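Peer 1: Can you keep this structure in mind? I'll have questions shortly.
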Amino acid sequence: MEWFTLTIDGRQVSVLKGTTVLEACRMNDIPIPTLCHDPELTPAGACRLCVVQIEGMRNLPPSCVTQVAQGMVVETQNPKVRSARKTILELLLANHPLDCMTCQKMGNCSLAEYAYEYGATGELYKGEQRDLPVDDGNPFILRDQNKCISCGKCIKACTEIQGKSILDFSFRGFDTQVGPAFNLPYHESACDFCGSCVSVCPVGALVEKKMIGKGRAWEVTKVQTTCPFCGVGCNFDLNVNDGKVIGVTSNPNAPVNGKALCVKGRFGMDMIYSPNRLTTPLIRKDGVLVPASWDEALDLVATKLGEIKKDYGPNSIAALSCAHCTNEENYLMQKFMRAVIGTNNIDHCART
Amino acid sequence: MAENQRILVCAGTGCASSGANKLISALEAEIKLQGLEETVSIVGTGCQGFCEKGPTIVIEKHQVLYTSVTVDDIAEIVASDIIKDERVERLLLIDQVTQKPVAKLSEIRFFAKQKRIVLQNCGIIDPQKIEEYTDRKGYLALQKALKEMSPDEVLEEVKKSGLRGRGGAGFPTGLKWGFCRGAAGDKKYVICNADEGDPGAFMDRSVLEGDPHSVIEGMLIGAYAIGADEGYVYCRAEYPMAIKHLEIAIGQAEEAGYLGKNILGSGFNFNLNVFAGAGAFVCGEETALMASIEGKRGMPRVRPPFPAVKGLWGKPTNINNVETWSNIPHILRNGSEWYAQMGTEKSKGTKIFALTGKVNNTGLVEVPMGTTLREIIFDIGGGVQNGKAFKAVQIGGPSGGCMPEEMLDTSVDYDSLAKAGAMVGSGGLVIMDETTCMVDIARFFLSFTTKESCGKCTPCREGTKRMYEILDRITKGEGKIEDIDTLENLAHAIKETSLCGLGQTAPNPILATIKYFRHEFEAHIIDHKCPAHACSALLSYSIDAEKCKGCGLCAKNCPTTCITGEKKKPYVIKEDDCIKCGTCIDKCKFDAVIRA
């Protein structure tokens, strides 16, 4: 392992060869603004907000794709660098609706955060703005291309994390758009609604539709939990406002899944408040399902299974267990069938 | 009486579009009619260079150039020049200075100061016949390389020649080859960048159309030196003739054993493919070009890794443009010392320029590096059209700059032009006269780069658009004085932060015009006047009552009804309704309409 020592804003830091300038800065708590960078995705070097000045290099190189070199001298906050970053923010804001008051992303928007830090208003380069239709045709994701900053992270998340490659750039220059092939809305494309694109969007171009109007970023408490939908054990953050779960967002530190989730985990948690949800065992009495206690229900099942086994033999009983259960629960189920009932009639819904 | 001889008809794109193919048919018919088909052959050549006077014909034996030839002239040319050995004087070029016809090609000023190395076959051989190329020492350089030299010796020879990339940036070619040769990998590619897209540029097109084998031979030699066994020519689809000639040439070279396996028994293998681009200017940028060949969206990526290390399909790749490749056979055949004698200390050899705009001799020009702009524009180009005053020359296309009169003695080489705030670029030279508005020109180039930006990085995608909008406002008289500062600041930020060469150079036309023509910006903004009378929104038309004879021609032709008056009394233009089309000024026979 080779270590390089470089100077960043007058501070000497040592990092491993192959580290980018951005990583070197972040390891040493030197803030660098980024919009298109994500440690889980391949670097694009597209937004150019992370530019720094490096002695001996022409122009202002983007720190996210510039690798450190021995003796490199980097300046991250000098007036030239800050002015270039402000220009980039001004350019982005000039083509971005300033409806932050009603934008679901407010409080969690990287563009707004940096605009505030750099004092960019969007006034300087006012001119033509996009006026594209909002993609509202699906129940999960609201896609407002007018807010898109073309950072390309959603494209990479779809391709590199999810392996679906539904999204890409279309058109050129100022008319560049991001979306499914042939400019189809999400619901007409092959999108699975895993929402990986939403999880990486730094602005309000892609938001969780069901969370709109249900709470501001600062009102929400994030509660890390394990998804109950299947046995994979994905972690995510339940977004809780006023004691109520309003939705789910990725937790980048989730050990099993990172930011990736499936449609059920990310968008299915409204089942918590579904009126159809069973909250107690039900026993059919005289043709009507009647609420019962767990003891009562389990006793009934045990008695019935015992009787059937006695009268018709163990192979007259079969069990189908569910993907909602964990691996351990599924193991117990087959153990129960084989050891207690005495049959191999055990199957699982995920196998079909 | 006629003996064995050739009539060379320019069939390059320019002359072809003004009827060269009909001339060839007419010539063939006439030669047959006169019973001369045994001794006289008609050759459709690539660009002869003198596009302004096309279609052109050269009688090879006497080195005579006939200009602006039509089908009706053919019988006379054959009867007089071929049969009687007498020149058709009325079709000869009239010398601008002496006003006399010029009989010899070498005495034409347009050609006299040129040094044709890369273009030496262009306009002389039939590009669709390999034997015409081999008759003029074609593929001898390849034979020399394969039979007498090691790849390292070839590399060394190119390094010593001092050849620098002709695509615009001027990177030393030998050094570039060396990077790729030194890169680890069992599969390597060479690519010819023929995605020539600068407005007004047609150098690479002419070389591919007129002498495709020279490019193939250059690529073969490069591939041998680098260790590549496969190549691509990425040619824009807008050049169908170039693609056709190239494909014919590749087929002939394969048949002749110059392409394929075990070339000339040397054990060296090389296959060459042609790839037609899909029309994006940015695909001239090497990483975008490779993405395009791979079937991806033509967008540049961050370098490093450089193509020499990780290029096409992830393999080490060397990219040069058409003119660069085309220089290689000459260097190998004549030696690096011969080559290094031409040009300046740091810019060796010659450079081809496409001379266009308000210049008398529009055409294709090859001059030694170090020639001044003045020599190119005035001695070769014959100066500005219609006796108008020279204002500026745009060099380097949308990435270059506009140079004013006082910069005309700048030597055309990589370093002098860079110092002057322009660049050699790929070789477009657009001449502008006093009627050209420099703000409008900057606006034109920005409209081009705005459309051609790929949209990947923020400064180029959003910034070119905003610069264009500001320029557009200024040309409409809606500019503010602070716009000049805003433009300059934005231009510098875009140059410093853009991802690829397109964005990094897109602001150059603005910075150069502000530097040299600031007064024109100020006139638009402060006085609401366009000094060149080119920006229609800033023009006002009126009628000089003293000069007006009251003929009514202006009113009759006015597409609106803004000119009123009675016969034989001065007419009046009602400015509110005027659409500033200029019809009245064109129609008035008494110079009574004033445009201000």
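Every number in this text was worked out from the coordinates using simple rules, so none of it is lab data. A quick note: this is a predicted structure, and the numbers were derived from the prediction, not measured. Glycine also receives a Cβ, built like all others from the backbone with ideal geometry; neighbour counts cover every protein chain displayed.
Peer 1: What is the set of long-range amide H partners of B:LEU93 at a cut-off below 5 Å, with H atoms built 1.01 Å from backbone N?
Peer 2: B:THR67, B:VAL102
Peer 1: Whole Å is fine, so just give me how far the alpha carbon centre of segment A:183-230 lies from that of segment B:284-359.
Peer 2: 47 Å
Peer 1: Nearest 0.05, what FRET efficiency do B:SER266 and B:LYS419 give at R0 = 41 Å with Cβ-Cβ as r? Let's see the in-between values first.
Peer 2: On the way: r = 44 Å, r/R0 = 1.08.
Result of the calculation: an efficiency of 0.40.
Peer 1: Segment B:532-588: which GluC sites (Glu not before Pro) are DSSP loop and have at most 10 other beta-carbon atoms within 10 angstrom?
Peer 2: B:GLU546, B:GLU566
Peer 1: Only residues of segment B:436-474 count here: report those whose backbone N is under 19 Å from the spot 7 Å along Cα→Cβ of B:ALA389, or say none.
Peer 2: Only B:436-441 pass the distance filter.
Peer 1: Show the residues, 5+ positions off or on another chain, whose built amide H is closer than 5 Å to the amide H of A:GLY247.
Peer 2: Hits under the 5 Å cutoff: A:ASN239.
Peer 1: Return the distance in nm (one decimal) between the two label points of a simple spin-label model at B:GLU406 and A:TYR273, each offset 7 Å from Cα along Cα→Cβ.
Peer 2: 7.3 nm
Peer 1: Among B:MET149, B:MET467, rank each residue by its count of other Cβ atoms within 10 Å, from fewest to most, as a rough exposure measure.
Peer 2: In increasing order of surrounding Cβ atoms, one gets B:MET149, B:MET467.
Peer 1: With the Cα gyration tensor of segment B:5-112 in hand, convert its eigenvalues to equivalent ellipsoid semi-axes via √(5λ) and list them largest first in whole Å.
Peer 2: 21, 16, 12
Peer 1: Next question, about the same structure. In deg cm²/dmol, rounded to 500, what helix-only [θ] at 222 nm does chain A give when every DSSP H run of at least 4 residues adds -39500 (n - 2.57) and the total is split over its residues?
Peer 2: -6000 deg cm²/dmol
Peer 1: Could you grab the Rg to Rh ratio for segment B:330-459? Cα atoms only, Kirkwood for Rh.
Peer 2: 1.02
Peer 1: Of A:CYS151, B:CYS500, how do they rank once you tally other Cβ atoms within 10 Å and put the fewest first?
Peer 2: Ranked by crowding around the Cβ, least crowded first: B:CYS500, A:CYS151.
Peer 1: As a quick test, which of the pairs B:LYS348/B:LYS495; B:LYS451/B:LYS495; A:LYS156/A:LYS259 have an alpha carbon distance above 21 angstrom in this structure?
Peer 2: Details: B:LYS348/B:LYS495 28 Å; B:LYS451/B:LYS495 17 Å; A:LYS156/A:LYS259 13 Å.
With Cα atoms farther than 21 Å apart: B:LYS348/B:LYS495.
Peer 1: Return the single residue from A:ARG266, A:ARG58, A:ARG82 with maximal mean-square fluctuation; model: Gaussian network over chain A, springs between Cα atoms under 10 Å.
Peer 2: Its mean-square fluctuation being the largest, the pick is A:ARG58.
Peer 1: Right, next: Which loop-located GluC sites (Glu not before Pro) does segment A:87-151 contain, where loop means any DSSP state but H, G, I, E or B and the Cβ has at most 11 other Cβ atoms within 10 Å?
Peer 2: A:GLU123
Peer 1: Looking at the calculated P(r) for chain A, what percent of the C-alpha pair distances fall above 32 Å?
Peer 2: Values: 29491 of 61776 pairs.
Result for the distance tail: 48 percent.
Peer 1: OK, next. Using a/c under 1.5 as the rounded threshold, could you call chain B rounded, prolate or oblate? The axes a ≥ b ≥ c are square roots of the C-alpha gyration tensor eigenvalues, and prolate needs a/b larger than b/c, oblate otherwise.
Peer 2: Verdict is oblate for chain B.
Peer 1: Counting only C-alpha contacts under 8 Å and six or more residues apart, can you give the relative contact order of chain B as a whole percent?
Peer 2: Answer for chain B is 11 percent.
Peer 1: If you don't mind, another one. Enter the mean number of other protein chain beta carbons within 10 Å of the beta carbon of each residue in A:89-100, as an integer. Kindly include the intermediate steps, with their values, before the conclusion.
Peer 2: Working: counts 1, 5, 12, 3, 1, 5, 5, 1, 0, 0, 0, 0.
Taking the mean over all residues of the peptide, I get 3.
Peer 1: From the phi angles alone, apply the Karplus equation (6.51, -1.76, 1.60; θ = phi - 60°) to segment B:192-201 and give each ³J(HN,Hα) in whole Hz, x where the residue is Gly or Pro.
Peer 2: The phi angles translate into 9, 7, 10, 9, 5, x, 4, x, x, 10 Hz.
Peer 1: Now, a different point. R0 = 22 Å: FRET efficiency of A:THR102 with A:GLU123, Cβ-based, nearest 0.05? Provide the component values of the computation, followed by the final result.
Peer 2: Details: r = 20 Å, r/R0 = 0.92.
Plugging the Cβ-Cβ distance into 1/(1 + (r/R0)^6) gives 0.60.
Peer 1: Follow-up. Amide H neighbours of B:GLU230 under 5 Å, counting only residues 5+ apart in sequence or on other chains, H built in-plane at 1.01 Å?
Peer 2: When sequence neighbours closer than 5 places are left aside, the close amide H contacts are B:LYS188, B:VAL190, B:ASN271.
Peer 1: Just order B:293-302, B:110-119, B:7-16, B:28-37 by mean Cβ neighbour count inside 10 Å, highest at the front, would you?
Peer 2: By packing density, highest mean first, the sequence is B:7-16, B:110-119, B:293-302, B:28-37.
Peer 1: Please list, short to long, the whole-number percent of alpha-carbon pairs of segment B:163-212 in consecutive 5 angstrom bins beginning at zero.
Peer 2: Whole-percent P(r) values from 0 Å outward: 4, 15, 21, 21, 17, 13, 6, 2, 0.
Peer 1: Using θ = phi - 60° and the Karplus relation 6.51 cos²θ - 1.76 cosθ + 1.60, list the HN-Hα couplings for segment B:469-484 in order, rounded to whole Hz, with x at every Gly or Pro.
Peer 2: 4, 5, 4, 4, 4, 4, 5, 9, x, 9, x, 10, 4, 6, 4, 5
Peer 1: To continue, here is another question. Give me the one-decimal nm value for the distance between modelled label points at B:ASN557 and A:VAL340, 7 Å along each residue's Cα-to-Cβ direction.
Peer 2: With each label point 7 Å from Cα toward Cβ, the separation is 10.3 nm.
Peer 1: Over all alpha-carbon pairs in the protein assembly as shown, figure out the percentage whose distance exceeds 45 Å.
Peer 2: Of all Cα-Cα pairs in the protein assembly as shown, 46 percent lie more than 45 Å apart.
Peer 1: Oh, and also: Residue by residue through segment B:258-275, what is 3J(HN,Hα) from phi via Karplus (6.51 cos²θ - 1.76 cosθ + 1.60, θ = phi - 60°)? Round to whole Hz and write x for glycine and proline.
Peer 2: 8, 10, x, 8, 6, 5, 6, x, 8, x, 7, 10, 7, 10, 10, 10, 10, 10
Peer 1: Report the gain in length on full extension from B:LYS547 to B:ASP95: 0.36 nm times residue separation, minus Cα-Cα distance, nm rounded to one decimal.
Peer 2: Full extension from B:LYS547 to B:ASP95 adds 158.9 nm.
Peer 1: Further question on the same structure: In which sequence would B:ILE481, B:ILE24 go, from the one with the fewest C-beta neighbours within 10 Å to the one with the most?
Peer 2: Values: B:ILE481 10, B:ILE24 20.
With the sparsest Cβ surroundings first, the list reads B:ILE481, B:ILE24.
Peer 1: Okay, next question. When DSSP beta bridges are limited to those with both residues in the protein assembly as shown, what percentage is antiparallel, rounded to the nearest 5?
Peer 2: If I count the DSSP bridges inside the protein assembly as shown, around 65 percent turn out antiparallel.
Peer 1: Here's another thing I want to ask about it. Compute the FRET efficiency between B:ASN334 and B:HIS492 as 1/(1 + (r/R0)^6), taking r as their Cβ-Cβ distance and R0 = 56 Å, and round to the nearest 0.05. Mind dumping the intermediate values first?
Peer 2: Values: r = 44 Å, r/R0 = 0.79.
Efficiency for this residue pair is about 0.80.
Peer 1: Would you work out the relative contact order for segment A:214-277, in percent, from Cα pairs under 8 angstrom that are 6 or more residues apart? Walk me through the intermediate numbers first.
Peer 2: Values: 99 pairs, mean separation 16.1, N = 64.
Contact order relative to length: 25 percent.
Peer 1: Okay, which of segment A:167-185 sit inside 18 Å, backbone N to the point 7 Å along the Cα-Cβ direction of A:VAL263?
Peer 2: It comes to A:167, A:180-181, A:184-185, nothing else.
Peer 1: Let a ≥ b ≥ c be the square roots of the eigenvalues of the Cα gyration tensor of segment A:271-325; is it rounded (a/c under 1.5), or, if not, prolate (a/b larger than b/c) or oblate?
Peer 2: Values: a/c = 2.63, a/b = 1.56, b/c = 1.69.
Cα axes put segment A:271-325 in the oblate bin.
Peer 1: Report, ordered by chain and residue number, the aspartates and glutamates lying within cross-link reach of B:LYS549, taken as a straight Cα distance under 18 Å and ignoring same-chain residues fewer than 8 apart.
Peer 2: Filter leaves B:GLU566, B:ASP586, B:ASP591.
Peer 1: Pull out a ≥ b ≥ c, the square roots of the eigenvalues of the alpha-carbon gyration tensor of segment B:286-395, then state rounded if a/c is under 1.5, prolate if not and a/b is larger than b/c, and oblate in the remaining case.
Peer 2: Because a/c hits 1.5 or more and a/b fails to exceed b/c, segment B:286-395 counts as oblate.
Peer 1: Considering every residue in A:52-61, what mean count of other chain Cβ atoms within 10 Å of its Cβ is obtained?
Peer 2: Averaged over the peptide's residues, the number is 2.
Peer 1: At A:ASP299 and B:ALA79, where each label point lies 7 Å from the Cα along Cα→Cβ, what is the point-to-point distance in nanometres?
Peer 2: Rounded to a tenth, the inter-label distance reads 12.7 nm.
Peer 1: Angle between the Cα long axis of helix B:508-526 and the longest principal axis of chain B, 0 to 90 degrees, nearest 10?
Peer 2: 0 degrees
Peer 1: Filter B:LYS391/B:LYS476; B:LYS480/B:LYS515; A:LYS86/B:LYS529 down to the pairs with a C-alpha to C-alpha distance above 25 Å, please. List each step's numbers first, then the result.
Peer 2: Numbers: B:LYS391/B:LYS476 22 Å; B:LYS480/B:LYS515 18 Å; A:LYS86/B:LYS529 34 Å.
Exceeds cut-off: A:LYS86/B:LYS529.
Peer 1: Are any of the pairs B:LYS32/B:LYS100; B:LYS351/B:LYS419; B:LYS465/B:LYS587; B:LYS388/B:LYS589; B:LYS358/B:LYS568 more than 27 Å apart by Cα-Cα distance, and if so, which?
Peer 2: Violating the 27 Å Cα-Cα cut-off are B:LYS32/B:LYS100; B:LYS465/B:LYS587; B:LYS358/B:LYS568.
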